[in-house]
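Right, one structure below, let's go through it.
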Amino acid sequence: MGTFLDDEALGLFREAIRDGVVPNSKAFVFVLNLCSGRLDFELGRQVHARVVKGDWRNLIADGAIVYLYVQCGDLKSAFGVFDRMVEQDVVSWTTNFTTSGASKAFGEEKALKFERQMHGYSEEDIPR
């Protein structure tokens, strides 16, 4: 039943785009979350492009984009978006690492570096 409603919501979104409606960041986040749940990588990438092109990036939209890429298994893109986020909060850190098992995918050293950054330490703070 949820799938039918998801299909209907995506259909309405596409129809609105065709009719010239300019979605806001809330609409994009909603669609990105649907894409994440459905593992619809291709539509998610298209929505990501519209978010960037329309200058709708913000903490919540960027977090939804990171989550999409993590869910779809594209950790390289997830890290790329994460690294370009103007602001990073606990939710974005958790999404990027806990959900993805990123420490296994990218190695312990990079995971530790990000964890240190999350706690406010710079590379200069780490004794050699």
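Looking only at region 53-62, how many residues end up being assigned to a helix (DSSP H, G or I), modelled with pLDDT under 90 and within 10 Å of VAL29 (Cβ to Cβ)?
Residues of region 53-62 that are assigned to a helix (DSSP H, G or I), as a first pass: 53, 59-62.
After this cut, where a residue has to be modelled with pLDDT under 90 as well, the list is 59-60.
Checking the rest, the ones that are also within 10 Å of VAL29 (Cβ to Cβ) come to 60.
Counting residues in region 53-62 that are assigned to a helix (DSSP H, G or I), modelled with pLDDT under 90 and within 10 Å of VAL29 (Cβ to Cβ) gives 1.
If I go through region 17-69 residue by residue, how many of them are at positive phi and under 14 Å from the mean Cα position of the chain (by Cα)?
Matching residues across region 17-69 total 1.
Being more than 11 Å from the chain's Cα centre (by Cα) and under 15 Å from LEU39 (Cβ atoms) is the filter here, so list the residues in region 70-91 that pass it.
Of everything in region 70-91, just one residue is more than 11 Å from the chain's Cα centre (by Cα) and under 15 Å from LEU39 (Cβ atoms), namely GLY73.
Which is without any contact (Cβ under 8 Å) to a residue 24 or more places away in the chain and surrounded by 17 or more Cβ atoms within 10 Å (Cβ to Cβ), of VAL70, VAL21, VAL31?
Going through VAL70, VAL21, VAL31 in turn, just one is without any contact (Cβ under 8 Å) to a residue 24 or more places away in the chain and surrounded by 17 or more Cβ atoms within 10 Å (Cβ to Cβ): VAL31.
The values are calculated or read from the model by the stated rules, or taken from the named source; none is laboratory data. Because the structure is a prediction, the values reported are computed rather than measured. So basically every Cβ, Gly included, is an ideal-geometry build from the backbone, and we count neighbours across all protein chains shown.
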